Amino acid sequence: MRGRMMDFPLTLNAILDRARALFGKSEIIWRDPQCRIHRYTYAEFFRRARQLARGLLHAGLRPGDRVATLMWNHSGHLEAYFGIPAAGGVLHTLNLRLHPHEIAFIANHAEDRFLIVDDVLLPIYEKFKDQVKFERVIVVPFSGKPVPAGMESYEDFLASGVGEEFHYPKIDENDAAAMCFTSGTTGNPKGVLYSHRALVLHSFAEAMVDGFAISQRSVVLPISPMFHANAWGVPFTCVMVGAKIVFPGPNVDAESVLDLIESQKVTMACGVPTVWLGVLAGLEKHPDRWSRERNVHVACGGTAPPEAMIRSLDKHGFHLTHLWGMTETTPLATTGGIRGHMLEWDEEEKYRARASQGWACPFVELRVRADDAIAPCDGKTPGELEIRGPWVAASYYNAPETSNRWTDDGWFKTGDMATLDEDGYLRIVDRGKDMIKSGGEWISSVDLENALMGHPAVREAAVIAVPHPKWDERPLAVVVAKLGAKVSAEELREFLAPKFAKWQLPDAFVFADEIPRTSVGKFMKIKLREQYANWKWEK
């Protein structure tokens, strides 16, 4: 016997209509490149998103056509997040921090028809425009610069559909709504196509208390770029629940972030650990500049935040929740925190739990495969993490050669090395390619990095495997000291000694001014491995 419930489609259009009906007075705030504050209401956002949809249909958009964006975090990008899918198109956010050749490759592979670009980002577009074939280029007056010849003004484009009655084209919940490409750390970037259904279900998970706890009363600052993994899905979730959104624009330095948090009374923010390391440094450098009265929920992912950073942020009213996910998982897959039975634990045990990647979101399933068998949930046995769920990719876009990333029974192989414990807590040990194999034993670079960043003189640290004539590989630590601080290799080795076996300690320490990063702020270890590939070990 089948149930007697309505077959109501889970689409972004339903979220957009709900925003107008229930949250028309909620605010959306954004900051332009000159740090000027702008604001409007959800009612105005609804009107403009639908005007964008009308304009795209007038321009000949067909169902499933890709529309690329090259934009910072601001209201115009939010209009594209909903206006493009409302017209039956697919939002394709281009990562503006990639090399122009990579952006061109991605746009061509996606077969993007149109481009919406911020005026301040036209210099980037100029570097790859001869390698792509956009039919129309629509320029958003983010800084008020004139629109170059041969391109269209975003405002004029919106005006092309004013006054006409608009009806959504027929959209199935399994139709594609958005597309992002992976970072391409192994081979060319690969496209992930998100369905309306996946984005809606993902938004429900983020709104949960054990997710991001976003509600209509929240004031949310999405620092994670809207051009990377849909800003972790946060814009979709905010619109679904009617939260006040504060977009930072291109200025996400620590002082700008702290100013926004204070002036707009932000209650929730999301960003990678490097953002919060900078915020922490700003607070410690200028302890009296910003109010001490704050209670901000911080969602942090991308790489594992050091436990020492979690502790320090707590003291300043920033309460960090660690999460894990990938472009292929929309991206939220797990969130950390303290379970009810852990409330009586001592502080050390609680912080250790918070520093893990937490447990799976509802309907997301995890398992660890070690030596061709499923590893026990003992918190000790590492293996490759595999995942499945309703917002996990089932394949890449137009890349049949990548089918080996999925198991025969439909699980996605993440490439992350991890453990699971009896409570379902996930702990990422390392990326598979970043694990260090020394004398037949594995060493986690992540554990060493997080421990090093707990030293009071260390700002950042990255640990890599370097070939060794006797042990196959040995760990080398690249360390960036805090401004004005001094620390020696011997001090760091002594600091680590109580937490690690002697054979796990780095054999060498290199002190640098900075650590190279990827386009989304992660340590670019491939560059470090290239730089120190010919390292000469002392005999």
**Report entry** Condition broken by HIS101, with the remaining ones in (1) part of a helix (DSSP H, G or I); (2) under 21 Å from the mean Cα position of the chain (by Cα); (3) of a type outside the set (Asp, Glu) satisfied
**Finding:** (2)
**Report entry** Within region 11-49, tally of residues that are out of contact with any helix residue (DSSP H, G or I) (no Cβ under 7 Å at 6 or more places or on another chain), among the polar types (S, T, N, Q) and crowded, with 20+ Cβ neighbours inside 10 Å
**Finding:** 0
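Yes or no, residue by residue, for (1) buried (at least 18 other Cβ atoms within 10 Å of the Cβ); (2) closer than 26 Å to HIS228 by Cβ:
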| residue | (1), (2) |
| --- | --- |
| ASP253 | no, yes |
| ARG289 | no, no |
| PRO306 | yes, yes |
| GLY336 | yes, yes |
| GLY340 | no, no |
Query raised in the report: Which ranges mark the strands (runs of 3 or more DSSP E) fully within region 373-466 that have 1 or more residues being within 26 Å of the chain's Cα centre (by Cα) and either free of Cβ contacts under 8 Å to residues at least 24 places away in the same chain or farther than 27 Å from ASN534 by Cβ (or both)?
Result: 383-388, 412-420, 426-431
Report summary line: If you go through ALA53, ALA80, ALA104, ALA87, the only one that is touching a strand residue (DSSP E or B) at 6+ places or on another chain (Cβ under 6 Å) and either aromatic (Phe, Trp, Tyr) or touching a residue at least 12 places away in the same chain (Cβ under 8 Å) (or both) is ALA80
Query - Which numbered condition ARG427 fails, given (1) more than 30 Å from LEU277 (Cα to Cα); (2) at pLDDT 85 or above; (3) basic (Lys, Arg) - result: (1)
Requested in this report: May I ask you to list pairs of residues, at least six apart or on different chains, whose Cβ atoms are under 6 Å apart, with the first in region 310-322 being on the phi > 0 side of the Ramachandran plot and the second being of a type in the set (D, E, K, R)?
Outcome: GLY317/ARG294
Query raised in the report: Exactly one of (1) within 23 Å of THR182 (Cβ to Cβ); (2) in a loop (DSSP other than H, G, I, E, B); (3) charged (D, E, K, R); (4) touching a residue at least 24 places away in the same chain (Cβ under 8 Å) is unmet by GLU328. Its number?
Result: (2)
Report summary line: In region 361-406, anything touching a helix residue (DSSP H, G or I) at 6+ places or on another chain (Cβ under 7 Å) and of a type in the set (Val, Ile, Thr) is listed as ILE387, VAL392
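I'd like to verify a number: residues in region 15-54 that are at positive phi and in a strand (DSSP E or B), how many?
We begin by selecting, within region 15-54, every residue at positive phi; these are 35.
So of that shortlist, the ones also in a strand (DSSP E or B) come out as none.
Total satisfying the criteria: 0.
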Requested in this report: Would you tally the residues in region 370-389 being surrounded by 16 or more Cβ atoms within 10 Å (Cβ to Cβ), at pLDDT 95 or above and not small (Gly, Ala, Ser)?
Outcome: 5
Query raised in the report: How many residues does region 259-269 contain that are out of contact with any Leu (no Cβ under 7 Å at 6 or more places or on another chain) and either in a helix (DSSP H, G or I) or among the acidic types (Asp, Glu) (or both)?
Result: 3
Report task. Filter region 143-155 down to the residues that are at pLDDT below 95 and surrounded by fewer than 18 Cβ atoms within 10 Å (Cβ to Cβ), then identify the one that is nearest to TRP72 (Cα to Cα). Result -> SER143
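The values are calculated or read from the model by the stated rules, or taken from the named source; none is laboratory data. Not measured: the values here are computed from a predicted model. Every residue, glycine as well, gets a Cβ built from its backbone with ideal geometry; the counts of neighbours run over all protein chains shown.
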